[in-house]
1. Could you list all residues from the range 111-126 that are free of Cβ contacts under 8 Å to residues at least 40 places away in the same chain and surrounded by 12 or more Cβ atoms within 10 Å (Cβ to Cβ)?
2. Does Lys103 satisfy the condition of being of a type in the set (D, E, K, R), in a loop (DSSP other than H, G, I, E, B) and either at pLDDT 90 or above or not assigned by TED's automatic domain parsing to the domain that holds Tyr271 (or both)?
3. Test Pro45 against the criterion of being buried (at least 18 other Cβ atoms within 10 Å of the Cβ), farther than 26 Å from Tyr267 by Cα and not basic (Lys, Arg), and give yes or no.
4. Please go through the range 127-150 and pick out each residue that is surrounded by 13 or more Cβ atoms within 10 Å (Cβ to Cβ) and in contact with a Leu (Cβ under 7 Å, 6 or more places away or on another chain).
5. Taking the range 94-109, which residues are of a type outside the set (A, V, I, L, M, F, W, C) and touching a residue at least 40 places away in the same chain (Cβ under 8 Å)?
6. For Phe63, work out the one condition from (1) touching a strand residue (DSSP E or B) at 6+ places or on another chain (Cβ under 9 Å); (2) outside any loop (DSSP other than H, G, I, E, B); (3) surrounded by 15 or more Cβ atoms within 10 Å (Cβ to Cβ) it doesn't fulfil.
7. Which residues, taken from the range 111-152, are among the β-branched types (Val, Ile, Thr), in a strand (DSSP E or B) and more than 21 Å from Pro99 (Cβ to Cβ)?
8. The conditions are (1) acidic (Asp, Glu); (2) within 18 Å of the chain's Cα centre (by Cα); (3) in the same structural domain as Ser268 (by TED's automatic domain parsing), and Asp164 fails exactly one of them. Which is it?
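The values are calculated or read from the model by the stated rules, or taken from the named source; none is laboratory data. A quick note: this is a predicted structure, and the numbers were derived from the prediction, not measured. Cβ: placed from backbone, ideal geometry, glycine included. Neighbour counts: every protein chain shown.
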Amino acid sequence: MGKKKAAFAQQEVQVRSEAPRPMRKISYPLRFTPMTVETAEDITPTMRRVVMAPVRPSPREPFESQALMGEYVRVVVPPTGAPEVPEPQWQEGTRGLWPVWQKPAPPSRKYTVRNYWSQTQRVEINVTLHEKGPGSDWARSVQPGATTYVLGPKSGYRVSYDYDFYLMVCDQTGLPGVARWLEQLPSTAGGHVFVKIPAETSVQDLTAPPGMQISWVLPPQDLAGTVMASPRPAGYVFTWIAGESTSIKPLRSWIRHEWGLSKSDGYSSGYWKDKSLR
């Protein structure tokens with residue numbers, strides 16, 4: 001199931017004498033970009049890849065990604081039952097032209113930037129296919145040539161590559177961010193990635209440094225319980241946790257109290273809420 005042979009608890013770590021630089025948030029100029037869908041295809045039965053390009057690429061005010069951790073865009077999707085996103089009115093504001101829709105405005109959903117090609121300003125997002133919802137419905141049905149509107153990205157986080165160990169924990173909604181970050185880590189990086197998926201068919205091929213162990217957590221395993229069974233590795237540790245809000249909540253306290261990490265040494269975010277857990 002894609003696991004590396006050596007468990008991280010057994011890895012020898014040469015601890016650095018100086019602490020890594022703290023995580024820092026970087027803000028970008030915020031833009032709303034009309035985009036055309038170029039491709040839409042399944043990665044697995046539970047995730048779909050959508051690649052979009054600006055309708056009118058702008059060299060002066062381009063859609064831009066800086067490949068930082070935590071970058072996301074907000075994509076406008078059709079209202080429930082509608083075949084496409086309605087055309088907005090464009091108004092001049094302090095941040096340039098801004099779309100305004102008649103009420104009720106169409107919904108929007110947040111998606112991590114999975115890939116970005118600067119020469120063409122194309123962007124790839126990976127959409128988790130929940131049973132229902134405007135974002136999942138749009139991803140299942142959208143066809144090449146469709147127009148949508150993309151806000152952002154507005155910020156990202158710069159994380160030092162000087163940590164001795166990287167712990168990444170997510171479900172499918174966090175997997176695009178993990179996959180992108182793994183591709184950017186130096187070849188010397190070491191750590192452990194835990195990904196909760198609904199079935200073996202949702203496993204993806206990930207490109208990671210040799211020192212990164214990848215564990216796919218399948219039902220009936222509990223994501224938080226599986227992670228918390230891990231001993232603390234030696235050295236400076238950075239943690240990245242994202243997924244369903246209730247399932248990752250225990251990990252936030254565990255990281256602080258059991259591993260003794262500060263807020264600057266980690267990032268955590270509840271990407272969605274499973275209403276059935278209420």
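1. If the condition is that a residue be free of Cβ contacts under 8 Å to residues at least 40 places away in the same chain and surrounded by 12 or more Cβ atoms within 10 Å (Cβ to Cβ), then Trp117 is the only one that fits.
2. For Lys103, the condition - of a type in the set (D, E, K, R), in a loop (DSSP other than H, G, I, E, B) and either at pLDDT 90 or above or not assigned by TED's automatic domain parsing to the domain that holds Tyr271 (or both) - is met.
3. no
4. Selection gives Ser136, Ala139.
5. Arg95, Gly96, Pro99, Ser108
6. Looking at each condition in turn, Phe63 falls short on (2).
7. Correct list: Thr112, Val127, Thr128.
8. So Asp164 meets the others, but not (2).
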